[in-house]
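Enquirer: Okay, here's the structure, questions in a sec.
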Amino acid sequence: MSLKRRRPTTDMKIAVDAVGHVGSFWAARHPPADPKHISYLNKTVLVTGANSGLGNEAAVKYATLGADPLILAVRSPEKGEQAKTDIIRRTKCSPDIFLIETVDFSSFASVKAFVERIVSHLSITRLHVAQVAPGLAQWRYEKSPDGYETTFQVNVLSQALLALLLLPKMSETAAAIAGFEVTTDWLPPGQSLIQRCDDQSKWDPIRQYYLAKLALWHVIEGLVEHCSKDKESRKIIANASCPSGCKTNMDRNFPSLVKPILAVQHFICGRSAEQRARTLVGATALGHKSHGKLWRNDTIYPPTGFVASQRGQEVSRETWNEVLEILHQRGFI
C-alpha cells in the first residue's frame, strides 16, 4: 500500500485512538513518584538508547542513584561521549563510572558483538540491571540489513536476542516497554503476529509501532517461561513498564506535516522524558513480585484483556517460538 495514497486524517485518528485521550490526559497530570529512595550503589546497570530521550533520562537517574559501572549503549562513540558529558554535568558523578559501548539494533551481528564485549569486559563481573527501552517509530516501510521490517527488528527481534545473550550474565533484568492497545482484528486468521509485523502489504506506521510493542510483551512472557525452566536463570526478574505518552523526538522519522499534530497531542497528553524515566527506573527495583507483570503509574498490573485471553496466550506462545526460530536459523542462539 502506498503511503502517499493514505488519508492523513485516518492515520491520525488511529494515532490518537491508540494513545487514549482520557488515560493519557490523566497520566500527564499525575506523573509517578521519582524513585529517589532506591539505591544502585556499586550496581552494574546497562541502559540502551542512553544518548537521547527516555534512555538518557534513565541513565541520569541511575548515575544519581549510584550505579557503577554505568554502561551506555549508543549508536556511535560520539553520541556516547555526548551522553556522558551531559550526565556528568547534570549529576556531578565521577567520569570513571561510565563504559560506552556501541550497538546497532538493526543488525543481529552488531547486537551479538555488543554482548560479547560486555561479557568479556574485565570490570563487568556481574550485570544487575539491563534497561531495555526500544523506541523506534518509522513512517515508511523499510527493511533492515538482515531483511526484516526495521521497527520489527529493532524493537522486537534484537531486544529478544539481547536479553537471551545476556541471561548468563544477568542477576536482575527489567525489560522496559511502552503501553500497547491492540484489537484482535489487526491479527487476521491464518497469519501470526510475527508474519503480520513483517507484512509490507498491511503496513501502517501507527499500528506497526503498537504491534511491535505487543510482540515485545510476548517476548517478555517467553523470557519469563524460559527463566522458570533454568535453575541459574530463576533469580532473574523480567518485567515490563508503561511510562505513558512522552514528549521526545521519537517521531523524528515522521513527515514534517505530521509532527505538529503529534506535538500538540504530546503537549496536552504527554509526560516529559524525565517523568517517564521514573517508571523505567522504578521498575528495575520492584523484586520478584513484578516478574512477568506490568508496572504503570506506580502500580503492578497482571496481564489483562487480549494478552490474558486464551487467544492472547496462543499468540504469545506462537510469537515467542517464531522469534526463537528466526534467531536460531540466523545462527545467533
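Taken together, the values in this text are just the output of simple stated rules run on the coordinates, not laboratory data. For clarity, every value in this text was computed on a predicted model and none was experimentally measured. With ideal geometry, Cβ positions are generated from the backbone for all residues, glycine too; neighbour counts draw on all protein chains shown.
Enquirer: Any chance you could check the Cα centroid distance between region 67-84 and region 142-162 for me, in angstrom?
Expert: Computed from Cα coordinates, the inter-centre distance equals 22 Å.
Enquirer: Additional query: How long is the gain from Leu41 to Ser309 if the chain were fully straight, where each residue apart is worth 0.36 nm and the alpha carbon distance is subtracted?
Expert: Length difference between fully extended and current span is 92.4 nm.
Enquirer: If you rank Leu122, Leu46 by fewest surrounding Cβ atoms within 10 Å, what's the result?
Expert: The most exposed by this proxy come first: Leu122, Leu46.
Enquirer: How would Leu193, Leu286 line up from fewest to most surrounding beta-carbon atoms within 10 angstrom?
Expert: Leu286, Leu193
Enquirer: Provide Tyr62, Tyr40 in ascending order of the number of other Cβ atoms located within 10 Å of each residue's Cβ, fewest first.
Expert: Tyr40, Tyr62
Enquirer: Quick check on region 283-333: take the gyration tensor over C-alpha atoms, sort the square-rooted eigenvalues as a ≥ b ≥ c, and tell me if it's rounded (a/c under 1.5), prolate or oblate.
Expert: Oblate.
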